[in-house]
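**Q** Dropping the structure in here first, questions after.
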Amino acid sequence: QQPVQSPQAVILREGEDAVINCSSSKALYSVHWYRQKHGEAPVFLMILLKGGEQKGHDKISASFNEKKQQSSLYLTASQLSYSGTYFCGTEGRTGNQFYFGTGTSLTVIP
Amino acid sequence: NAGVTQTPKFRILKIGQSMTLQCTQDMNHNYMYWYRQDPGMGLKLIYYSVGAGITDKGEVPNGYNVSRSTTEDFPLRLELAAPSQTSVYFCASSYSIDSPLHFGNGTRLTVT
């Protein structure tokens, strides 16, 4: 039931862009994105509730392709503060569980 | 507003001991979750609750129990601790399945 993310890890230089993908084997009704810094709890970034929806704030945005059962997170002009592990998340088959994806470690270097 | 509060922050248990991880939230959220996160890994759902008196198993419930007698509290009980339960445990809450999850700061548990 766990969504699969790709890539598993990515290293960027400041100012570069990155895309993180989240794929599910089951139908997606909503997708959440979270960032977790080392030794801390995950922090909510955004929710996409409808297929085709795109959202963003600052230089981080996301899209949701309901038909392909995929979501992508876009980080543009990356900053050092973007470093961390990114998780997508979605509801389970019964609609009440909440599962996180496999995670993507992102490191931004000067 | 304290949000989601977890206690204790750290704990070391001997094999076979039992303990309860406390989680309380003051946001009147219906949904509450317990996750475990092993080093360098993702978050695995242990148990969840959609309201007082209602709990259900997640992906990895073996060795754990929960209760939800009030909207605010969702304690996680470990019976007969094993080294495989060494992990960081996060409690989270949300208003609904389509709402953001709010996390506590986690409990770092070591079983030796």
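**Q** Can you pull out every residue in the range A:76-101 that is farther than 23 Å from B:F103 by Cα and not β-branched (V, I, T)?
**A** A:A77, A:S78, A:Q79, A:L80
**Q** Inspect the range A:34-54 for any residue being hydrophobic (A, V, I, L, M, F, W, C), crowded, with 17+ Cβ neighbours inside 10 Å and at pLDDT below 85 and give the result as yes or no.
**A** No, the range A:34-54 contains no residue that is hydrophobic (A, V, I, L, M, F, W, C), crowded, with 17+ Cβ neighbours inside 10 Å and at pLDDT below 85.
Yes or no, residue by residue, for (1) more than 12 Å from chain A (Cβ to nearest Cβ); (2) over 23 Å from A:G101 (Cα atoms); (3) in contact with a Pro (Cβ under 7 Å, 6 or more places away or on another chain); (4) of a type in the set (D, E):
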{"position": "B:K9", "(1), (2), (3), (4)": "no, yes, no, no"}
{"position": "B:S18", "(1), (2), (3), (4)": "yes, yes, no, no"}
{"position": "B:V60", "(1), (2), (3), (4)": "no, no, no, no"}
{"position": "B:E79", "(1), (2), (3), (4)": "yes, yes, no, yes"}
{"position": "B:Y89", "(1), (2), (3), (4)": "no, no, no, no"}
{"position": "B:S96", "(1), (2), (3), (4)": "no, no, no, no"}
{"position": "B:H102", "(1), (2), (3), (4)": "no, no, no, no"}
{"position": "B:T110", "(1), (2), (3), (4)": "yes, yes, no, no"}
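**Q** Something else about it: For the range B:21-68, name all the residues that are surrounded by fewer than 14 Cβ atoms within 10 Å (Cβ to Cβ) and either touching a helix residue (DSSP H, G or I) at 6+ places or on another chain (Cβ under 6 Å) or over 22 Å from A:G95 (Cα atoms) (or both).
**A** Result: B:D26, B:D38, B:P39, B:G40, B:M41.
**Q** Which strands (runs of 3 or more DSSP E) sit wholly inside the range B:12-112 and have at least 2 residues that are under 28 Å from A:L49 (Cβ atoms)?
**A** B:19-25, B:31-37, B:43-51, B:54-57, B:87-94
**Q** Output the residue which, of all residues in the range A:87-100 that are more than 7 Å from chain B (Cβ to nearest Cβ) and under 26 Å from A:E16 (Cα atoms), is surrounded by the fewest Cβ atoms within 10 Å (Cβ to Cβ).
**A** A:G89
The values are calculated or read from the model by the stated rules, or taken from the named source; none is laboratory data. Just so we're clear, the structure is a prediction, and the values are computed from it rather than from any experiment. Glycine also receives a Cβ, built like all others from the backbone with ideal geometry; neighbour counts cover every protein chain displayed.
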